[in-house]
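Here, each number is a calculation from the coordinates, and none is a lab measurement. All of these numbers come straight from a predicted model, not from anything done at the bench. Note that we place each Cβ from the backbone using ideal geometry, even for glycine, and neighbour counts take in every protein chain shown.
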Amino acid sequence: MKAIKANLLYDGTGAKAKKNVYILFDGEKIVDISKDRKGAEVVDEGIVTPGFVDPHCHIGMARSGEPYQEDETNEEMNAIYPLVNAIHSVYMDDPAFRESVEFGVLYSHIMPGSGNIIGGRTALIRNFARDIGDAFIENIGIKAALGYNPRSTTSWKGTRPSTRMGAIAMLREELIKAKKTKALLKKKKKIKEEIEPLTDIFIDILDKKLPLMVHVHKEDDIITLMNLVDEFGIRAVINHGCDVHSPELWEKVKKKKMDVIYGPVDSFSYKVELKNESWRNIRYIVESGLKFAVMSDHPVVLQRNLYLQLRFFRRFGMSKEEAIALISGNAADIIGAKNIGKVKKGYLASLVVWNGDPFSLDSYPVHVIAEGQTVYEE
């Protein structure tokens, strides 16, 4: 059994940091958090956080050092094609993975891009693995997009919307088709083997087996998404929300009990649907009391800089513990990932040892442990 002595432990839950405790792990699992090292070999000491979880990114699809023609973030064959799986366009030799691990980001929720209404399946992976076989953990949900992005791709193949209403109509068509097919199955007027693969996936969306991870920035588009949730009873997670510039919208989201993956914070407002975007908007989501996580949207913001975005949330009153949870425990909870993002008994021993307070510019990771194994050491 091994141990890390945490002079201060941010455990990823948002709870008050613990002082002078030992994190005991055996193999890949944490077996205890204790004031007593219980005879374990102490392999390091310092301030400890969980390994970070990026809940929305395109790392390994848009690859560092490769020309834009090699970017595989969006499949251009059709505006609605949920059979696409992000893992099949991930290359683990992307140098960005190494840099992410060095800065404590150990897990990525990788999504197809937002050029399609339905972009495909999202994948949770280990950043420290050598190939996609070792990296892949599970498919999480289906990437969807509302707003400007899917209507900006009319030059791509397939039937494409030129307006927001067109995009919603195409999405509703597939959901209505799946709803009617479900009714026919229930009445035994159809058998499962007759259902087209695309409709089969939309039935899983209706049954909440596959949550929609929805790219959406503007307040009115978020209202539209909320209406779709009401109409079809689906589970949808708001991704981005950077144009929300009032407290009222987040109050509506909170009342609807919808989750949010917010950000990225440090990106340039390069399109009209971000004309109200500002780092000052962070105040509204912080003060709402919503449970949310923070993304990198790599390569929009480099994943290695994920934790640097936390400075804005501290500015608007979040405790250090709550801020750390935005890229660890909260992120894992919202995407439904098990046993990562928190330093707790029974969780994977994925830990970052810092040479000082992570919120100080002088501090950096000196020892990164992923599922019980050292993957980086300064």
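Quick notes on this one:
- Dividing the summed -39500 (n - 2.57) terms of all DSSP H runs of n ≥ 4 by the residue count of the chain sets its mean residue ellipticity at 222 nm at -7500 deg cm²/dmol.
- Among K189, K271, K255, the largest mean-square fluctuation in a Gaussian network model of the chain (Cα springs under 10 Å) belongs to K189.
- Theoretical gain in end-to-end length, D357 to H88 [0.36 nm per residue, Cα-Cα removed]: 93.0 nm
- Cα gyration tensor shape of segment 115-221, rounded if a/c is under 1.5, else prolate or oblate by comparing a/b with b/c: oblate
- Cα gyration tensor category, rounded, prolate or oblate, for the chain with a/c compared to 1.5: prolate
- Per-residue 3J(HN,Hα) values for segment 343-349, derived from phi via the Karplus relation 6.51 cos²θ - 1.76 cosθ + 1.60 with θ = phi - 60°, read 9, 9, 4, x, 7, 5, 7 Hz in sequence order (x marks Gly and Pro).
- Cross-link pairs beyond the 22 Å C-alpha cut-off, checked among K38/K345; K182/K291; K18/K256; K177/K291; K252/K338; K320/K344: K182/K291; K18/K256; K177/K291; K252/K338
- Close amide H contacts of Y262 (hydrogens built in the peptide plane, cut-off under 5 Å, sequence separation of 5 or more or a different chain): H240, A293, V294, M295.
- Order of K252, K188, K35, K18 under a 10 Å beta carbon neighbour criterion, fewest first: K188, K35, K252, K18
- Integer Hz, Karplus 6.51/-1.76/1.60 couplings in order for segment 35-40, x for Gly and Pro: 6, 10, 6, 6, x, 6
- Order of T49, T163 under a 10 Å beta carbon neighbour criterion, fewest first: T163, T49
- Gyration tensor verdict on segment 58-104 (Cα atoms; rounded if a/c is under 1.5, prolate if a/b is larger than b/c, oblate otherwise): prolate
- Hits among aspartates and glutamates - C-alpha to C-alpha of K255 under 13 Å, sequence gap 8 or more where chains match: D230
- Exposure proxy order (Cβ contacts within 10 Å, fewest to most) of S155, S108: S155, S108
- Extension gain for L185-S278 works out to 28.7 nm (0.36 nm per residue, less the C-alpha to C-alpha distance).
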